[in-house]
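Notes follow once the structure below has been shown.
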Amino acid sequence: MNNALLLLVFAVFLIFAPYDHKYIGKTCFLAGLGIWLLINILKYKQKFYREIIPHNALNKPLLIFGIACLFSIIASLNPYHSQSVFVERYLMYAGIFWIAVGLASGSKKNLYILAGALLVSSLIFGLGAAWDYYYFRYIAKTPGMYERIWTVFDKIIPYYGFPLYLTYFLPVNFIIAVFAKNKWLKVFCSINAVLLFLCCIWNFTRAAWISISLSLLLSAFLKNKKIGLIIALSLASVIILGALFSKPVVKERIRSIPNPYEWSFRMPLYKSSLSIWKDYPVFGAGIGMLEDLLRSAKYKLPENYPIPKGLTLHAHNTYLELGAETGILGFLSFIFIFAVFFRKALRLISYPGSNLSPDYHAIFLGLFSSIIAILIFALSSSIITVGVNNSLYFWLLLGIATSLFSHSNSKL
C-alpha cells in the first residue's frame, strides 16, 4: 500500500512536472521522502536507517562528489550561500535518486509503472504540442504561436524547457519502439516518437537536434550495429532534406550548428565561466556563486550583451558552471558518476543476462538513451545541478535506470 502511494506520487510528478515551475517538484519530493521514511520504519523498525540509502552502483561516486562539494563549500566566497544551495538542490537530487533506486529495485512491477508514467507523460506532451501547432496554424491562424512551437495545450513550458523535455521523451520512446518485443508497447512508443519528432522539427532547437541524434546513434550502435547504421542514414537524410527544403530560419540554424559564436549569445557566458574556473581552479568559487560573480566587475558580461543582467544567472553549460563553482575536484568527481554508470550500462547492454525480458532491456536502453541525450544537452544549458522540476526529472530517471543493474543476473 505504501509503495502504491509512493508510485502515485512519482507518477504525478512525471506527468505534470513539465508544466510547473518548481512547486510540484518540491511537493512530490517531500511527499515521496516522507512515504519512503515511513516504508523503511515499518519494514525495518529500529534499523530503518540502514535501508534509506539503497545499495547501488553509483553510491561511491556520489559520495566522492559529495566530499568535493564539501570542500567547495568550505573554500567558497560565501560559505553560507553555498551550503544553502547544496542542501536545497544537491541533497534533493540525491534523495529522489535513492528513492527511485529503492522503489524500482524492489519490484519489476514498480519499474513498469514508473516507465509507464514516463511514456504517458510523453504522449500528453506530444499530443498537446501537435494540437497547438494544428490549432494555431489552421484554426486561430496565429503565426507567432506556430512558427516555432513552445506550448503544450496552450501552456508554455517554464524556463523555455520545451526542447529539454523533448530530449527526455523522444530517445526513450524511439528506442523502445525499435527494440521492444511487445507489439502494443511498440505501437504506443511509435506513436509517441512520431509526435515528438514532429515537435522537434516545429521547435527547431539545435541543442535538442544534436543531443537526441547522438544519443540515438550511440544507443542503437551499442545494441545492434545494423539498426544503428539505418538510423544514421535516416538522420543524414533528414538533415540533407532539411538543409535543402526547409524554411529559411531552419536552414540558418542548421548552417550555424558548427559555429559556437552563433549559439544564442552563449560565448560571453562561457568565457566568464572559464575565467572564474581559472581563478579558482581546485575547489571553485563555491556552489551557487556563479550568479554573483557574473555581476562583479572582473567577470561581468559585455555592456552590449543583449540579455538583461537579471536573467544571466547561469553559464548555459552545466560542466563549465560546475567547474567554476566546484573546481577541478567537483568537475572530475561529477564526471566519474556518469563514467561508472556508462561502464555498468555498457556491460548490461552487451551481456544482458537471462532473467530480464527483451522489453526490460528495451526500457533500460531507452532510459540510457535519454540520460545520454540530457548529458549532451547539458553542454548548452545549465541543467542536472540547477533548478527543481527539470533536474529532479533527470535524477529520477537516472535512479530508475540504475535500479535495472540489480535486476540483471549478468556480472556487472
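What follows is calculated from the coordinates using simple rules that are stated; it is not laboratory data. The shown structure was predicted, so the numbers you read here are calculated from the model rather than taken from an experiment. Virtual Cβ from ideal backbone geometry, glycine too; neighbours counted across all protein chains shown.
Candidates ALA68, LEU91, ALA104 compared by Cα position along the dipole of segment 35-171: farthest toward the positive end lies ALA104, with charges placed on Cβ. Highest GNM mean-square fluctuation among LEU367, LEU196, LEU218, for the chain modelled with Cα contacts below 10 Å: LEU218. With one equal scatterer per alpha carbon and no solvent term, the Debye-computed log10 I(q)/I(0) for segment 214-302 at 0.11, 0.17, 0.20 1/Å reads -0.60, -0.82, -0.89. Start at zero, step by 5 Å, and the Cα-Cα distances of segment 47-118 spread as 3, 14, 19, 20, 16, 13, 8, 5, 2, 0 percent across the bins. Taking TRP184, TRP98, TRP131 as the candidate residues, the one with maximal mean-square fluctuation in a Gaussian network model of the chain, Cα springs under 10 Å, is TRP184. Backbone phi angles across segment 170-181, fed through the Karplus curve with coefficients 6.51, -1.76 and 1.60 (θ = phi - 60°), yield HN-Hα couplings of 5, x, 5, 5, 5, 5, 5, 4, 7, 10, 5, 9 Hz in residue order; Gly and Pro are listed as x. The stretch between LEU274 and LYS43 holds 78.3 nm of extra length on full extension. This uses 0.36 nm per residue minus the Cα-Cα distance. When Rg and the Kirkwood Rh are both derived from Cα coordinates, the Rg/Rh ratio for segment 1-100 amounts to 1.02. Calculate the tail of P(r) for segment 123-191: the fraction of all Cα-Cα distances greater than 17 Å, expressed in %. Within segment 123-191, distances greater than 17 Å cover 49 percent of Cα pairs.
Taking PRO268, PRO143, PRO163 as the candidate residues, the one with maximal mean-square fluctuation in a Gaussian network model of the chain, Cα springs under 10 Å, is PRO143.
The reciprocal of the average 1/r between distinct C-alpha atoms defines the Kirkwood hydrodynamic radius, which for the chain equals 22.2 Å. Length, then width, then depth: along the principal axes, the Cα atoms of segment 57-193 run 58, 41, 19 Å.
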